[in-house]
Amino acid sequence: MTRDERRRRDEARHSEAVGALGTAFEGPVTEGQVDAFVAAARDRFEGRFRPEVRRSWRLAAALAAGTALAVLAAAFLWPEAHLRLGGQLPAVVSLPTERIEAAASAPSAAPQAGDVIVTGPNDPVTWEDVDTARVVVARSSRLRVALWDGATSVIELEVGRIRSNVRPRRSGQRYEVRTPYAVIRVVGTDFAVEHLPGEATVVTGYAGRVTVETRDGRPLGAVSAGEVLRVEAPRVAEADTPAAREPSGVSPDVPPAVADAGVEGTPAREPGPAAPHVRPAPAEARSAPGDDQPSMGKAADAQETEGVGAPALPAVADVLSEARRLLSAGEDERALVLLSAHEERSWRVQALLGDALRVQGRLAEARAAYGRALEAAGEPPPRGLLIDHATLLERDPSAAPEAAARAWQRYLDYYPGGREAAAAHDALATAAIRAGATVRAGVHLRAILDDHASSPEAARALARLGRLLIAAERWDDAEALFARWSDDPRAICAETAVVGLVRVRVGQGRADDARRLLQSYRERFPEGRRAAEISRLESALAVE
Amino acid sequence: MSDRRRDEAELLERCRRGDEAAWATLYRTYAPNVALFLRGAIGRHDVDDLLQRVFLELLSSLGRFRGEAGLATWLQRIAAHMAKKEARSRWRRERKVEALTVDPAGDSVAPGDAAARVAARERLAQVQAALDTLDWRFRTVWVMRELQGLTVEEAAAALDVRPETIRSRHHRARERLKAALRRIERSAARDSKAIHALREHGETSS
């Protein structure tokens, strides 16, 4: 069959599927359903839609909105208050997104190459280009947009601070922030760059990852979520070099020194090709996930740049609790930002990050997060984590099937009697059947039937083991197996066993016995799940 | 304002006033399409309850509806959001229970002779199994585009993503579905061969 023929056949199959599912899923709404809905609405909204009640409801809503906006305005006017919360997670103001947008300064359109943006002491600027990034320029900053054309975005930050929340990259797309001391190139999504002429360039990661290098291309390191990298000004340039005074794209002659940020008393290293140290960011970098306002308060700026009094990080329990709250409120993205910023701290955070990614359908990333969590958790690995990891490996088409089998085997090694042991055996049996290892598959299937007989996997194991025995024409073994289960109190197991016995009888050439069993099946399971299979067998035996 | 928009606005105003007849009209008019989406997105079962919850949510959010998007788009957004939550809670409850037989299609198969019914039912079960292999993001887009016939822009508005994302997910969903259908068809062909062998065996023994 040629490629075109295959494609046409695929298209035909697809069209047929659309037709079949469309017909199956379409259907009128019955009057009973309409009545049930009206009754439910009456119960739920009784009195709410009366005009007098509506007025008071509106008044309450207006008051609530007013209060929320006041809180929000305070947060924008006194951002230091937010930042002084130290290691505690800030209180989350839950407002609809559109209201937050309206309260903040409206993002302006994307800039043009050559634009110079200067912000005043009280006027931060935000712009958003849906295809590239949302950028917040802090107060008292100055930058030049060197390039901004959709494929390449280059910002030259001369002084101050910007925060970039970069959209996922397309192949070949480039996003860079340049300061006189460093070039920060995006690999991930959310980061801030602050440039203090004559002092340092400070890069803070909020989510994803950025790489940092000198202006002449020498790599300085990478900054991931929750990390900060401080690139010190070259010593000789401290007072007089053009780079310090006029940092408009001039490369310093001496490579910049790199020092830890936020660590009290840490001296800057001597200029030279020292390896950069990447340390957890101060609390500012970890606070207010999803909050687009960069550090604009002088107190916080001093705290970060002088490395004095870096506040304690929030407790892992707080991070987990807040992330769970966000997830349960459907705010997956904010939960992801929060968890990404803290994932290095605990395997529990990594595991919850995996959950959040999984909820979003980002299975490969979720699998990777679970894998990291397993590595961090040590021995013995947490049971639930092993299960999640193995389950995702099993479902991810990009993962090797053997990897899933290994993960399930690891689970069984640690928890042979665990509540998912039957599922693990089932997965291992599947892998073995796929690999043609029927003996090994039989071992796992028998383990389910013997050790986990009451598990939901038992019925499937019964069918699969029976099928293997029938395929091998081991009629006596198959008969013994099915006979043992034919009176099981669970209908699904008993039904499987009876159908299996019919197949054994057919295989043994005992057609009359098979017909009798079919008759007995019809009596015992008039609404049986395997009616279609039975019909086929009946046709085969010409019973109809 | 178009006639349709005006009718919608009037209906919603009556709903806001607590007019039960308007609630019924709202449900009668829009529920079939929402039900189609929910069945496609999360499966054929347990949709009635969720469908009702979607409309209750619509009523409770009428105060926020400004009429900028059409009512159908607003409703689709609510349905997509609630279906996602439902899928997530099902995922949490999920166990590796795999029925031995796939979902029988019930009465949805066109009437005909028994053999044709069985064949159609089996075919439907196969395509449903293929649909089940798609993950949430692809499945919802596929259902919106292929079954509901939404435009790229409408689907993007309902899922709050960019049109390019819809295009890309739709393309990938189609490719994945085709691959799944290929696999399932191959497996069915093997079964059919086995049945044929069984039939021959039965005939010789009787």
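For region B:68-82, check the following and say yes or no: at least one residue is on the phi > 0 side of the Ramachandran plot, more than 9 Å from every other protein chain (Cβ to nearest Cβ) and touching a residue at least 60 places away in the same chain (Cβ under 8 Å). Lay out the reasoning, then the answer.
So in region B:68-82, the residues on the phi > 0 side of the Ramachandran plot come out as none.
No, that holds for no residue.
What residue, among those in region B:1-46 that are more than 14 Å from residue A:35 (Cα to Cα), more than 9 Å from chain A (Cβ to nearest Cβ) and in contact with a Lys or Arg (Cβ under 8 Å, 6 or more places away or on another chain), is surrounded by the fewest Cβ atoms within 10 Å (Cβ to Cβ)?
Checked region B:1-46; the qualifying residue surrounded by the fewest Cβ atoms within 10 Å (Cβ to Cβ) is B:42.
Would you mind stating whether residue B:50 is among the hydrophobic types (A, V, I, L, M, F, W, C) and either within 25 Å of residue A:25 (Cβ to Cβ) or facing chain A (nearest Cβ under 8 Å) (or both)? So that I can check it myself, show each step before the final result.
Details: among the hydrophobic types (A, V, I, L, M, F, W, C): yes; either within 25 Å of residue A:25 (Cβ to Cβ) or facing chain A (nearest Cβ under 8 Å) (or both): yes.
Yes, satisfied.
Give just the number: which of (1) over 29 Å from residue B:130 (Cα atoms); (2) outside any helix (DSSP H, G or I) does residue A:361 not satisfy?
So the condition that residue A:361 fails would be (1).
May I ask you to say which residue of A:221, A:198, A:150 is modelled with pLDDT of 75 or more and at positive phi? Step through it out loud before you land on a result.
Working: A:198 fails: modelled with pLDDT of 75 or more; A:150 fails: modelled with pLDDT of 75 or more.
Only one candidate qualifies: A:221.
Looking at region A:115-127, which of its residues are crowded, with 18+ Cβ neighbours inside 10 Å and without any contact (Cβ under 8 Å) to a residue 40 or more places away in the chain?
A:117, A:125, A:127
State whether one or more residues within region B:40-49 are part of a helix (DSSP H, G or I), modelled with pLDDT of 85 or more and either within 23 Å of residue B:156 (Cα to Cα) or in contact with an Asp or Glu (Cβ under 8 Å, 6 or more places away or on another chain) (or both).
Checked against the condition, which is being part of a helix (DSSP H, G or I), modelled with pLDDT of 85 or more and either within 23 Å of residue B:156 (Cα to Cα) or in contact with an Asp or Glu (Cβ under 8 Å, 6 or more places away or on another chain) (or both), region B:40-49 yields at least one hit.
Among the numbered criteria (1) touching an Asp or Glu at 6+ places or on another chain (Cβ under 7 Å); (2) within 11 Å of chain B (Cβ to nearest Cβ), which single criterion is violated by residue A:494?
For residue A:494, the failing item is (2).
Does residue B:175 meet the test of being within 11 Å of chain A (Cβ to nearest Cβ), in a helix (DSSP H, G or I), of a type in the set (D, E, K, R) and closer than 28 Å to residue A:532 by Cβ? Quick ask: steps written out before the conclusion?
On the way: within 11 Å of chain A (Cβ to nearest Cβ): yes; in a helix (DSSP H, G or I): yes; of a type in the set (D, E, K, R): yes; closer than 28 Å to residue A:532 by Cβ: no.
Spelling it out, it is not the case that residue B:175 is within 11 Å of chain A (Cβ to nearest Cβ), in a helix (DSSP H, G or I), of a type in the set (D, E, K, R) and closer than 28 Å to residue A:532 by Cβ.
Would you mind telling me which numbered condition in (1) surrounded by fewer than 24 Cβ atoms within 10 Å (Cβ to Cβ); (2) over 12 Å from residue A:493 (Cα atoms) residue A:458 fails?
(2)
Restricting attention to region A:242-257, does a residue exist that is modelled with pLDDT of 60 or more, farther than 25 Å from residue A:139 by Cα and in a loop (DSSP other than H, G, I, E, B)? Before the answer, list the steps.
Kept after step one, since they are modelled with pLDDT of 60 or more, are these residues of region A:242-257: none.
Within region A:242-257, not a single residue is modelled with pLDDT of 60 or more, farther than 25 Å from residue A:139 by Cα and in a loop (DSSP other than H, G, I, E, B).
Taking the criterion of being part of a helix (DSSP H, G or I), at pLDDT 80 or above, of a type in the set (Ser, Thr, Tyr) and within 20 Å of residue A:461 (Cα to Cα), would at least one residue in region A:412-428 satisfy it? Spell out the reasoning first.
As a first pass, look at region A:412-428 and keep what is part of a helix (DSSP H, G or I): A:412-414, A:421-428.
Filter once more, so that each one left must be at pLDDT 80 or above: A:412-414, A:421-428.
From what is left, the residues that are of a type in the set (Ser, Thr, Tyr) are A:414.
Those left that are additionally within 20 Å of residue A:461 (Cα to Cα): none.
For region A:412-428, residues part of a helix (DSSP H, G or I), at pLDDT 80 or above, of a type in the set (Ser, Thr, Tyr) and within 20 Å of residue A:461 (Cα to Cα): absent.
So which residues in region A:498-544 are β-branched (Val, Ile, Thr), farther than 17 Å from residue A:477 by Cα and assigned to a helix (DSSP H, G or I), if there are any at all? Lay out the reasoning, then the answer.
Residues of region A:498-544 that are β-branched (Val, Ile, Thr), as a first pass: A:498-499, A:502, A:504, A:506, A:534, A:543.
Subsequent filtering for residues that are farther than 17 Å from residue A:477 by Cα retains A:534, A:543.
Result: A:534, single match.
Out of everything in region B:132-155 that is under 15 Å from residue A:395 (Cβ atoms) and of a type in the set (A, V, I, L, M, F, W, C), what residue ends up being farthest from the other protein chains (Cβ to nearest Cβ)?
At the first step, the residues of region B:132-155 found to be under 15 Å from residue A:395 (Cβ atoms) are B:132-139.
Keeping just the survivors that are of a type in the set (A, V, I, L, M, F, W, C) gives B:134, B:136, B:138.
Details: B:134: 10, B:136: 5, B:138: 8 Å.
Selected residue: B:134.
Filter region A:1-11 for residues that are under 35 Å from the mean Cα position of the chain (by Cα) and either at pLDDT below 85 or more than 7 Å from chain B (Cβ to nearest Cβ) (or both) and give the result.
Within region A:1-11, the first condition is being under 35 Å from the mean Cα position of the chain (by Cα), and the residues that meet it are A:7, A:10-11.
Those that are under 35 Å from the mean Cα position of the chain (by Cα) and either at pLDDT below 85 or more than 7 Å from chain B (Cβ to nearest Cβ) (or both): A:7, A:11.
Is it the case, given these coordinates, that residue A:369 is more than 26 Å from residue B:187 (Cβ to Cβ), more than 14 Å from chain B (Cβ to nearest Cβ), touching a helix residue (DSSP H, G or I) at 6+ places or on another chain (Cβ under 6 Å) and touching a residue at least 40 places away in the same chain (Cβ under 8 Å)?
Values: more than 26 Å from residue B:187 (Cβ to Cβ): yes; more than 14 Å from chain B (Cβ to nearest Cβ): yes; touching a helix residue (DSSP H, G or I) at 6+ places or on another chain (Cβ under 6 Å): yes; touching a residue at least 40 places away in the same chain (Cβ under 8 Å): no.
Taking the combined requirement at face value, the residue does not satisfy it.
So residue A:500 clears everything in (1) crowded, with 22+ Cβ neighbours inside 10 Å; (2) in contact with a Ser or Thr (Cβ under 8 Å, 6 or more places away or on another chain); (3) within 13 Å of chain B (Cβ to nearest Cβ) except one condition, right? Which one?
That leaves (2) as the condition not met.
If residue A:170 meets every condition in (1) at pLDDT below 85; (2) charged (D, E, K, R); (3) in a strand (DSSP E or B) apart from one, which number is that one?
(3)
The values are calculated or read from the model by the stated rules, or taken from the named source; none is laboratory data. Keep in mind that what you see is a predicted model, and the values were worked out from it rather than measured. Quick reminder, even Gly has a Cβ in these numbers, built from the backbone with ideal geometry, and neighbours come from all protein chains shown.
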